[in-house]
Amino acid sequence: MGKQGRQGMFEISRRDLVLGSAGAALVFGLKGPVSFIGAAQAQRAADSLKYKVGDIEVFSLHDGSIERPSEGFIKNASIEDVKKALTDAGVGPDKFANPFTPTAVRTGGKVVLFDTGFGTNGPPSVGKLADNMKAAGLDPAAVPTIVISHFHPDHVSGLWVKETSAQVFPNAEIWMPEVEYKFWTDPALVEKVPEGARAHVRRIQSTFPTWKNIRQYGDGAEVAPGVRAIATPGHTVGHMSFLVASAGQQLFIQSDVTSIPQLIVRNPGWHTIFDSDAALAEATRRKFFGRVIAEKGMIAGYHFGFPNVGTLSKDGNGYALTAVKA
C-alpha cells in the first residue's frame with residue numbers, strides 16, 4: 001500500500017472531532033502522523049475515532065486506563081532500564097498508565113466489536129467503552145457480532161453483568177478462539193492458576209459453556225467480511241490478532257501482541273508479567289511486526305493508548321510506533 005492509499009484511510013467524521021474550522025481536513029502521510037490542515041485548533045468530542053480501511057469503517061474506542069507500578073512489570077530487565085525507557089518516552093517513571101482501547105469495524109453492513117473491555121467489572125477508571133461507542137454513533141445493545149482475542153479480564157469482563165454474570169450482549173454472536181476456549185474451560189485449570197486468578201477462571205467455566213450464542217474460530221478464519229484471524233500465541237495460549245483488508249489497504253489489529261509501546265514496541269525482547277509464554281510471545285511479536293512493516297500496513301494496539309493506531313518502523317534493535325494524532 002503506497003502513500004496515497006494511507007492518506008485515504010483517515011477520514012474523520014464530525015462526530016469524532018470538533019474542528020476549529022469548517023473546512024479542516026485530515027491527511028495521513030507515509031512519513032508522519034495525521035496533521036490538521038486549515039484548522040487552528042482541533043479537539044476530540046469524545047474518546048472515539050473513526051477512519052476507513054478501504055470500504056471498511058474502523059473505530060478506536062477508549063475503555064479507560066489503570067495505573068501500574070513500574071517495579072516488577074518487566075521480568076527480564078532492570079528497574080533502572082524500565083524507568084529510563086518510560087522517562088525517555090515522557091511517562092512514568094515510577095508508575096505508568098496502562099490504557100485499554102478496543103477496536104470496532106463496520107463491514108458488510110454490520111458492526112463487529114473486537115473485545116469488550118471491563119464493562120462494569122473493573123475499577124472506576126475503566127468501563128468507558130459503552131459511552132464512547134455511543135459518542136461514535138454505535139449502539140452497544142445493537143452490536144450483532146463480538147470477536148474475542150483472548151480471555152484475560154480486560155478483554156472479556158464486559159461480556160458479563162456485574163451482579164449476576166448474565167450476558168450483556170445476549171443477542172450478539174460471540175466469536176472466541178478455539179484454542180483459548182479449550183484451555184480456559186478445562187476444569188483442571190482452576191487449581192493450576194494462582195489463587196487471585198481462580199475467580200475469573202470459575203466465572204468463565206460457569207458461563208461460556210452454557211451460552212448458546214458462542215461460536216469458535218481458528219487461525220485464518222474470516223470472522224467478518226474483509227477480516228481474518230491471525231494466530232499470535234504467547235501472551236496467552238490461544239491469543240489472536242486480526243487483519244482488516246479492503247481496496248488494497250490493510251490494518252493489523254494486534255490485540256495484546258505487546259503491552260504499552262513505550263516499553264515493548266521499543267524493546268521487543270522485554271517480557272511482561274502478563275505473558276503466559278514469554279519466549280513465544282517475543283518470537284510472535286517479532287514475526288508479526290515484521291509482517292506489518294513488510295506489508296506497509298497500519299497497526300492498532302489494545303494497550304497503545306488513544307487513538308491506538310499508527311505505523312511501525314524498525315528502529316535499531318526494536319521498533320518505533322508513529323501514532324496518528326487526533
How many of the residues in the range 191-231 are surrounded by fewer than 15 Cβ atoms within 10 Å (Cβ to Cβ) and in a helix (DSSP H, G or I)?
-> 10
Taking the range 60-98 as the search range and keeping residues that are in a strand (DSSP E or B) and hydroxyl-bearing (Ser, Thr, Tyr), which one is surrounded by the fewest Cβ atoms within 10 Å (Cβ to Cβ)?
-> Ser65
Scan (1) at pLDDT below 95; (2) in contact with a strand residue (DSSP E or B) (Cβ under 7 Å, 6 or more places away or on another chain) for the single condition Gly119 breaks and write down its number.
-> (1)
For the range 134-172, the count of residues that are surrounded by fewer than 23 Cβ atoms within 10 Å (Cβ to Cβ), aliphatic (A, V, I, L, M) and within 15 Å of Phe59 (Cα to Cα) equals 4
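Scan the range 117-137 residue by residue and report those that are in a loop (DSSP other than H, G, I, E, B) and over 18 Å from His155 (Cβ atoms). Spell out how you get there, then give the answer.
Looking only at the range 117-137, we keep the residues that are in a loop (DSSP other than H, G, I, E, B), and these are 117-125, 127-128, 136-137.
Within the range 117-137, Pro124, Ala136, Gly137 qualify.
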Going through (1) farther than 24 Å from Gly92 by Cβ; (2) crowded, with 20+ Cβ neighbours inside 10 Å one by one, Glu295 fails only at (2)
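Among Ala188, Ala172, which is the only one that is farther than 27 Å from Asn98 by Cα, more than 19 Å from the chain's Cα centre (by Cα) and without any contact (Cβ under 8 Å) to a residue 12 or more places away in the chain? Talk me through it step by step, then tell me what you get.
On the way: Ala172 fails: without any contact (Cβ under 8 Å) to a residue 12 or more places away in the chain.
The unique qualifying residue is Ala188.
Going through the range 44-76 one residue at a time, which ones are of a type in the set (Asp, Glu) and free of Cβ contacts under 8 Å to residues at least 40 places away in the same chain? I'd like the intermediate steps shown before the answer.
First, the residues of the range 44-76 that are of a type in the set (Asp, Glu): 47, 55, 57, 63, 67, 71.
Within the range 44-76, just Glu71 meets the criteria.
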Among residues of the range 263-304, those that are under 17 Å from Gly318 (Cα atoms) and in contact with an Asp or Glu (Cβ under 7 Å, 6 or more places away or on another chain), counted = 4
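Show me the strands (runs of 3 or more DSSP E) found entirely inside the range 243-326 where at least 1 residues are farther than 21 Å from Ser60 by Cβ. Break it down stepwise before answering.
Details: elements: 249-253, 298-300, 309-315, 318-323.
Correct list: 309-315, 318-323.
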Within the range 131-160, which residues are touching a Gly at 6+ places or on another chain (Cβ under 8 Å) and either among the β-branched types (Val, Ile, Thr) or over 13 Å from Ile204 (Cα atoms) (or both)?
-> Asp154
Can you tell me which of Glu178, Glu163, Glu191 is in contact with a Phe, Trp or Tyr (Cβ under 9 Å, 6 or more places away or on another chain), acidic (Asp, Glu) and more than 16 Å from Leu113 (Cβ to Cβ)?
-> Glu178
Out of Gln216, Gln250, Gln254, Gln262, report the one residue that is touching a helix residue (DSSP H, G or I) at 6+ places or on another chain (Cβ under 8 Å) and over 19 Å from Pro153 (Cα atoms).
-> Gln262
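So that you can scan it fast, the table gives a plain yes or no per residue for (1) at positive phi; (2) modelled with pLDDT of 50 or more; (3) among the β-branched types (Val, Ile, Thr):
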{"position": "Ser13", "(1), (2), (3)": "no, no, no"}
{"position": "Val27", "(1), (2), (3)": "no, no, yes"}
{"position": "Ala45", "(1), (2), (3)": "no, no, no"}
{"position": "Ile79", "(1), (2), (3)": "no, yes, yes"}
{"position": "Ala89", "(1), (2), (3)": "no, yes, no"}
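The values are calculated or read from the model by the stated rules, or taken from the named source; none is laboratory data. Worth saying up front: this structure is predicted, and the values here are computed from it rather than measured. Positions of Cβ are backbone-derived with ideal geometry, glycine not excepted, and every protein chain shown enters the neighbour counts.
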